[in-house]
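Right, one structure below, let's go through it.
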Amino acid sequence: MDTEDNVRVTLRNLLNSVECISARVRDGEANESDGDFNLSNFWETLNQAAKAVSQEATKLCLAFSKPPLPSQQDVEQLANSVLKSVLSLSTVYYWLPNSRGVTLRQQVRDAVVQALEGLTQLLEVILTSPLQSLTQAQLTSTGGVWSACDRFTRLPQDNKAAAVLVLSGQSGIVKDAIEELEQALLEAHDPSGDAPDQQEDGEEPHANQDAYWSVRDRCVVAACQGMMKVAAACLRKTTAAVRTRGDADAPQRVEQLDRLLEAIKEISPGVDDLALCLYPPVDNNDVDNHVTQLAALLTKVLTIIRSSHICGEAELTWLQFLDQAVDHNLQKAKDLLWLDS
């Protein structure tokens, strides 16, 4: 076996090790004991570990960017150094206990996995390219590792900040779904000039009637849009309440935020599912199922908020208003859906 073959074996072994560590981080359990855990020390050490991974990626890229090919001994030393940085990053991640917040831990885990997957991609590019040339793919994948490691300094520092980040993301998704549906309604028209509801007796229905909204469809859509807007308002109000009253220190309150976020994360898929079934052809049963599911989810979220530490007197007012809005929009949608039943 020549030097290049040996080098490739070493790199392939390193690749396998990084993939195994990445898989363990993705599926691994948290440290259940808070013990002597210090959050500020955790962040300082984690940022240093991420910086080390970034530096090792740079070394890897440079080592195989031009002739001569590094010696087998140099490659083994480099592989050991890379592996040490990866183990260090994953080990520091495991320090973070669930008691500091599952929401926070998920975001740190995602950042670690993204960095390790970036490193995996870099190793794959090096292995599939000539070993003594700097390819565009090699530069791009190295930049990907740098970007993933830079992300650590911007991660939320506690569970409250992590919750606000998730809420903001959910709000953005829901806002997009509402705007897309509104835009589609504005642009939609029946090329033949009549909606099915306006046909004369005895006329054949238009061939393309499944491609646009009838007058009645639009009434159903409007009622469901009302429910989607309640979801958007719920997310906005909850975000403000978490910013103002959220507590990331008391374990019980950290747990309350996690429970709330677990339910909140279902809102944007619920809104998306409802929005999708409102496009022509509209199936009444499908719409009924999805608007009912979204209403139940919003009621569940509002109940969780009401029993949590983020609920003060100011929050009780909008909670009651949104509860009533959920019931009103659900009843309105059902009345329109089954008007002739």
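The values are calculated or read from the model by the stated rules, or taken from the named source; none is laboratory data. Just so it is clear, the model here is predicted, and its values are computed rather than measured. Note that each Cβ is placed from the backbone with ideal geometry, even for glycine, and that neighbours are counted across all protein chains shown. Calculation scope for accessible area: heavy atoms of the full protein, side chains included, ligands and nucleic acids excluded. Shrake-Rupley method; radii C 1.70, N 1.55, O 1.52, S 1.80 Å.
Going by what's in this entry, would residue 261 be described as assigned to a helix (DSSP H, G or I), touching a helix residue (DSSP H, G or I) at 6+ places or on another chain (Cβ under 6 Å) and open to solvent by less than 10 Å² (accessible area, probe 1.4 Å)? For residue 261, the condition - assigned to a helix (DSSP H, G or I), touching a helix residue (DSSP H, G or I) at 6+ places or on another chain (Cβ under 6 Å) and open to solvent by less than 10 Å² (accessible area, probe 1.4 Å) - is met. The C-beta contact set for the stretch 235-253 (first residue open to solvent by 10 Å² or more (accessible area, probe 1.4 Å), second residue part of a helix (DSSP H, G or I) and modelled with pLDDT under 95, distance under 6 angstrom, 6+ apart or interchain) comprises 251/99.
When residue 52 is tested against (1) part of a helix (DSSP H, G or I); (2) in contact with a Ser or Thr (Cβ under 7 Å, 6 or more places away or on another chain); (3) open to solvent by less than 80 Å² (accessible area, probe 1.4 Å); (4) under 17 Å from residue 127 (Cβ atoms), exactly one condition is not met: (4).
Only one of the listed residues (302, 298) is within 20 Å of residue 178 (Cα to Cα) and in a helix (DSSP H, G or I). That residue is 298.
The residues listed here are 71, 65, 54; of these, the one that is among the polar types (S, T, N, Q), modelled with pLDDT of 95 or more and more than 22 Å from residue 161 (Cα to Cα) is 54. Does the stretch 81-90 contain at least one residue that is within 30 Å of residue 252 (Cβ to Cβ), modelled with pLDDT of 95 or more, part of a helix (DSSP H, G or I) and not aromatic (Phe, Trp, Tyr)? Yes, the stretch 81-90 contains a residue that is within 30 Å of residue 252 (Cβ to Cβ), modelled with pLDDT of 95 or more, part of a helix (DSSP H, G or I) and not aromatic (Phe, Trp, Tyr).
Go through (1) modelled with pLDDT under 95; (2) of a type outside the set (Ser, Thr, Tyr); (3) open to solvent by less than 30 Å² (accessible area, probe 1.4 Å); (4) touching a helix residue (DSSP H, G or I) at 6+ places or on another chain (Cβ under 7 Å) one by one and return the number of the condition residue 184 breaks. It is condition (4) that residue 184 fails. Entry remark, the stretch 146-168: residues being closer than 30 Å to residue 229 by Cα, open to solvent by 30 Å² or more (accessible area, probe 1.4 Å) and either among the aliphatic types (A, V, I, L, M) or out of contact with any helix residue (DSSP H, G or I) (no Cβ under 8 Å at 6 or more places or on another chain) (or both) number 2 in total.
Restricting 145, 108 to residues that are at pLDDT 95 or above and in contact with a Gly (Cβ under 6 Å, 6 or more places away or on another chain) narrows the list to 145. Of all the listed residues (131, 78, 104), the sole one being assigned to a helix (DSSP H, G or I) and touching a residue at least 40 places away in the same chain (Cβ under 8 Å) is 104.
Apart from one condition, residue 116 fits all of (1) more than 24 Å from the chain's Cα centre (by Cα); (2) within 22 Å of residue 29 (Cβ to Cβ); (3) aliphatic (A, V, I, L, M); (4) surrounded by 21 or more Cβ atoms within 10 Å (Cβ to Cβ); the exception is (1). Restricting attention to the stretch 1-18, and to residues there that are of a type outside the set (A, V, I, L, M) and modelled with pLDDT of 95 or more, which single residue is most open to solvent (accessible area, probe 1.4 Å)? Filtering the stretch 1-18 for residues that are of a type outside the set (A, V, I, L, M) and modelled with pLDDT of 95 or more, the one most open to solvent (accessible area, probe 1.4 Å) comes out as 12. If I filter the stretch 33-49 down to residues being open to solvent by 80 Å² or more (accessible area, probe 1.4 Å) and over 12 Å from residue 152 (Cα atoms), which single residue comes out as nearest to the chain's Cα centre (by Cα)? Within the stretch 33-49, the match that is nearest to the chain's Cα centre (by Cα) is 40.
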